[in-house]
Amino acid sequence: MSNELLVDQAEYLEAGIHIGTKVKTPGMKRYIYKVREDGLYLLDLNTIDQRLKLAAKLLAQYEPKDIVVTASRIYAISSASKFAEIIGAKIITGRVMPGIFTNPNRGDFMEPEVILISDNRNERQAVKEANKTSIPSIALCDTDNWIKFVDLVIPCNNKGRRSLSLIYFLLAREFMKEKGLIKANEEFNYKLSDFEVKTEIKAK
């Protein structure tokens, strides 16, 4: 695996991909490299980069139609939907309904071969169902996420608009390269802004 980062380190830092929360779960402890003065935990950039590469390699082993992406938060929905559109995967936005992967009698029943989860707290039903049916799961996990039953953790800021845009931009680009659909970054005909939600959520 190449030691070269997928993007310049400054771009990762600018997107805040490494900025966690003030909560640290035991499973995420290994991915944290320090705590800021304001109490926010910071994730290790090199590990984030390596896991993004690994996730793209793993996803590329499957046909796009057999990949399901879940996204519940508004920032994740925008970025994940663009990712799914580009690679040809299915997407579940909002709540993941019980039985969607386990009950063949449901009208929306799916049998994915791998799932990519944007936030395994909000989308914990997807993790449970994947575990029950032995579907490999890849999840974007912040410092406050519990990682039980997740097969591949991508440690990252899974709440920020810019962070999620960059994550899904890179996963889409690397997936296309792993599939042999493009050979170089320059051939990826999308911009980071294509993955961003167009309006920012205002705090109440």
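Bear in mind that the values in this text are calculations on the coordinates, not laboratory data. These numbers were taken from a predicted model, which means no experiment stands behind them. Please note: Cβ atoms are built from the backbone with ideal geometry, for glycine as well, and neighbour counts cover all protein chains shown.
Brief remarks follow.
- Calculated from backbone phi, Karplus (6.51, -1.76, 1.60) coupling profile of the stretch 186-195 in Hz, x at Gly/Pro: 5, 7, 7, 8, 10, 10, 4, 5, 5, 9
- Gyration tensor verdict on the stretch 142-185 (Cα atoms; rounded if a/c is under 1.5, prolate if a/b is larger than b/c, oblate otherwise): oblate
- Loop trypsin sites (Lys or Arg not before Pro), the stretch 1-99, which have at most 13 other Cβ atoms in a 10 Å radius of their Cβ (DSSP): Lys22, Arg36, Arg95
- Legend: translational diffusion of the stretch 18-63 by Stokes-Einstein, Rh = Kirkwood radius over C-alpha pairs, 25 °C, 0.890 mPa s; D = 208 µm²/s.
- Zone residues, the stretch 139-157, relative to Val35, backbone N less than 17 Å from point 7 Å out along Cα-to-Cβ: 143-145
- Rg to Rh, two decimals, where the chain supplies the alpha carbon set and Rh follows Kirkwood: 0.95
- Phi-based couplings in Hz for the stretch 60-65 (Karplus 6.51, -1.76, 1.60; Gly and Pro marked x): 5, 6, 10, 6, x, 5
- Highest-MSF residue in the chain out of Glu174, Glu123, Glu63 [GNM, Cα springs under 10 Å]: Glu63
- Entries in Lys82/Lys128; Lys24/Lys90; Lys53/Lys177; Lys148/Lys179; Lys65/Lys191; Lys34/Lys57 that, when Cα-Cα distance is taken, lie over 20 Å: Lys82/Lys128; Lys24/Lys90; Lys148/Lys179; Lys65/Lys191; Lys34/Lys57
- Only aspartates and glutamates eight or more places from Lys132 in sequence, or on another chain, were considered; those with a Cα closer than 19 Å are Asp66, Asp108, Glu111, Glu113, Asp119, Glu123, Asp151.
- A cut-off of 5 Å between modelled amide H atoms, ignoring neighbours fewer than 5 places along the same chain, links Val69 with Lys90, Ile91, Ile92, Leu116.
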